[in-house]
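The values are calculated or read from the model by the stated rules, or taken from the named source; none is laboratory data. Predicted model only: the values in this text are computed from it and were never measured. Here the Cβ positions follow ideal geometry from the backbone for every residue, glycine too, while neighbour counts run over all protein chains shown. These area figures cover heavy atoms from the full protein model, side chains too; ligands, DNA and RNA do not enter into them. Shrake-Rupley method; radii C 1.70, N 1.55, O 1.52, S 1.80 Å.
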Amino acid sequence: MLEMSNVAKRMLTAKAAVFFWAGFGIKKIVIADATGQTLLDESDVRLLHQMDVEVEQIHYLQDDALIIKKGKGYGEGALINFAMKNSKFLQSASHFFKCTGKIYCRNFLEIFNLVQQTKAQNIFWREVFSHTIDTRFFYVSKDFAQNHLIPAYDHVDDIHHMTSEVCVMKLAQERLTPVTSLRPMLAGFSGSLNKPYLDVSMGYLDQNLPCWVSQ
């Protein structure tokens, strides 16, 4: 189902996103992969170390038949769960930002300041063109992820229209508070569409995007 089937393009766009995150000053990055591959080679890691960026690469081989049956959102939930159980960085963290590969947040420093100022424990933003949650980028506590988010992903079943966006939206409506906030400006490439994500101003929504939070 992925239009971006060229392995080289998938690898290079994923690497590019990692380097953008490093450029923003992120000091610890966990790269979790479900295809049994390691994204960065030793020279990439050395360059990042020169920027005082620590990278942890973890991977496993997913059950392709199960992912085909239930959908890529189910695989995403399994990958998040794997990362929480196997990442040394996440073992010592109470919260984390999750971002889908090949994507970075252009205004991350502003988003990070927003989280710090509001003392948000969890925050999920609405997808701009729909009434579901954008699961590409969010901020969660490990406790919330373990107790609520991963169980929500377990209900993903694309054949029956229970996508990850729908399942996480249901969770947010049940357990979080609706507000509005600064919009994360996500840039990068879609593996599904094999093209860049739309990256333009949304006017009013740039400062007032619906989201769901807990504090």
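Close Cβ contacts (under 8 Å, 6 or more residues apart or on different chains) running from residues in the range 190-208 that are closer than 22 Å to PHE124 by Cβ and touching a residue at least 40 places away in the same chain (Cβ under 8 Å) to residues that are hydrophobic (A, V, I, L, M, F, W, C) and assigned to a strand (DSSP E or B) comprise TYR197/ILE103; TYR197/LEU186; TYR197/ALA187; TYR197/PHE189; ASP199/LEU186; ASP199/ALA187; MET202/LEU209. Taking (1) out of contact with any helix residue (DSSP H, G or I) (no Cβ under 8 Å at 6 or more places or on another chain); (2) more than 26 Å from ALA14 (Cβ to Cβ); (3) outside any strand (DSSP E or B) in turn, THR180 satisfies each apart from (3). Looking only at residues in the range 67-122 that are touching a Ser or Thr at 6+ places or on another chain (Cβ under 9 Å) and among the aromatic types (Phe, Trp, Tyr), the one that is surrounded by the fewest Cβ atoms within 10 Å (Cβ to Cβ) is PHE96. When THR135 is tested against (1) of a type in the set (Val, Ile, Thr); (2) open to solvent by less than 60 Å² (accessible area, probe 1.4 Å); (3) farther than 24 Å from PHE89 by Cβ, exactly one condition is not met: (3). Residues of the range 163-201 that are on the phi > 0 side of the Ramachandran plot and surrounded by fewer than 16 Cβ atoms within 10 Å (Cβ to Cβ): ASN194 alone.
Say we look at the range 58-85 and pick out the residues that are modelled with pLDDT of 95 or more and out of contact with any helix residue (DSSP H, G or I) (no Cβ under 8 Å at 6 or more places or on another chain); which of these is nearest to GLY101 (Cα to Cα)? Checked the range 58-85; the qualifying residue nearest to GLY101 (Cα to Cα) is LEU79. I need the full set of residues from the range 152-182 which are free of Cβ contacts under 8 Å to residues at least 60 places away in the same chain and either closer than 29 Å to PHE20 by Cβ or of a type in the set (A, V, I, L, M, F, W, C) (or both), in order please. If the condition is that a residue be free of Cβ contacts under 8 Å to residues at least 60 places away in the same chain and either closer than 29 Å to PHE20 by Cβ or of a type in the set (A, V, I, L, M, F, W, C) (or both), then MET162, VAL166, VAL168, MET169, LEU171, ALA172, LEU176, VAL179, THR180 are the ones that fit.
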